[in-house]
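For reference, the structure is listed below as structure tokens.
The values are calculated or read from the model by the stated rules, or taken from the named source; none is laboratory data. Here the structure is a predicted model, which means the values were calculated and not measured. Glycine gets a Cβ as well: all are built from the backbone with ideal geometry, and neighbour counts include every protein chain shown. Note: accessible area is taken over every heavy atom of the protein model, side chains too, but ligands, DNA and RNA are not part of it. Shrake-Rupley method; radii C 1.70, N 1.55, O 1.52, S 1.80 Å.
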Amino acid sequence: MTRGGVFAPLYDILITRCQSRQYKPGSVMTQMSQDHSLNLFLAETLPGDSRQARQLARRQLIVEAVMAEGAIRIEEITERYGISLMTAHRDIDELAERGLLHKSRGVVSATSTSLVESSDLYRATRQLEEKQAIAEVAVTYLEPGQAIFLDDSTTVFQMARYLPARTPLTVITNSLTLMNELKNIRDLTLLGLGGQYHNWCNAFMGHMTREEIAGLRANTFFVSMSAIMGDTVFHQSAETVETKRAMFESAEKRFLLMDHTKFERRALYQFAHLREFDAVIVNQGTPVQVLRHLKDLGVNVVVAGMKVKAE
């Protein structure tokens, strides 16, 4: 049974969130200058059990999902929200006209507003404890005096807190977030990669970035991606894949940092096979069948233990 094109359980969640004001997408943007038009849209509410209220609630969830993931296939939006392809295109076209989203070749992505900038901040709050545990294990593969590539992912960003204890180091990154985090660390040489700036990940990518990477050689590359399907790593953005692949090719050793949710996702562009990495670091809580599958593939899997919360 459906109501207004939305599956009934999702419909109830959407209406409850809008009417109770418990749904607060703007709460993830408190650390930044908030874009006026985005805030107006996310703050909109409509009373009652009306078609317009259901439509608005669904569109707000679509915006938040894109903010969290950077880009989503339109077919996935139809599956996720139980709507037809025509309805999905109508929703996305409306959001694109308002300057909140961008639609191209069957993929919807965030545009150059604070929606995009908050995407990086929002993703940084997701699975935070898992990312911190993975990062703590990742730094054990560092030795003082090494040169390392760090990508622009929010998982790799968690390594920053541990780097002062590993200096001297040379860190090469395309992440503006990391550049700002590392710039004052003593005995750490920071090489910031330039190129075309992308708001959604707060990083530089593109041809100029890859040219700079090609002229460098590092001991180690630490990277995280969007999804693992089978024995292959994927990402939603072709340009992200190309930039990170350049780092991959310019490093002697490569480490993949992936929390358990990455095994539940899908993305469009292939990056690398798992066996190409020296180690794949995952968090405790990754399903046993997933770990068994990786080991059967010959992947060097390292499981990061999670700290027990005090009751």
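Do we find that Thr243 is modelled with pLDDT under 95, open to solvent by less than 60 Å² (accessible area, probe 1.4 Å), assigned to a helix (DSSP H, G or I) and under 25 Å from Ile72 (Cα atoms) in this structure? So Thr243 does not fit the description; no.
Within segment 255-263, is there a residue that is surrounded by fewer than 19 Cβ atoms within 10 Å (Cβ to Cβ), in contact (Cβ under 8 Å) with a residue 60 or more places away in the chain and closer than 14 Å to Ile228 by Cα?
Keep residues of segment 255-263 that are surrounded by fewer than 19 Cβ atoms within 10 Å (Cβ to Cβ), which gives 260-261, 263.
Adding the requirement that they be in contact (Cβ under 8 Å) with a residue 60 or more places away in the chain leaves 260-261.
Next, from what is left, pick out any that are closer than 14 Å to Ile228 by Cα: 260-261.
Yes, segment 255-263 contains a residue that is surrounded by fewer than 19 Cβ atoms within 10 Å (Cβ to Cβ), in contact (Cβ under 8 Å) with a residue 60 or more places away in the chain and closer than 14 Å to Ile228 by Cα.
The set of residues from segment 149-161 being of a type outside the set (S, T, N, Q) and closer than 16 Å to Glu136 by Cβ comprises Leu150, Val156, Phe157, Met159, Ala160, Arg161. Candidates are the residues of segment 205-221 that are open to solvent by 40 Å² or more (accessible area, probe 1.4 Å) and in contact with a helix residue (DSSP H, G or I) (Cβ under 7 Å, 6 or more places away or on another chain); the one that is farthest from Val156 (Cα to Cα) is Ala214.
Checked against (1) more than 20 Å from the chain's Cα centre (by Cα); (2) open to solvent by 50 Å² or more (accessible area, probe 1.4 Å), Leu163 meets all criteria but (2).
With the condition kept exactly as written, say whether any residue in segment 189-197 is among the hydroxyl-bearing types (Ser, Thr, Tyr), crowded, with 22+ Cβ neighbours inside 10 Å and farther than 22 Å from Ala68 by Cβ.
Step one: of segment 189-197, the residues among the hydroxyl-bearing types (Ser, Thr, Tyr) are 189, 197.
Next, from what is left, pick out any that are crowded, with 22+ Cβ neighbours inside 10 Å: none.
Within segment 189-197 (the criterion being among the hydroxyl-bearing types (Ser, Thr, Tyr), crowded, with 22+ Cβ neighbours inside 10 Å and farther than 22 Å from Ala68 by Cβ), the answer is no, since none of the residues qualifies.
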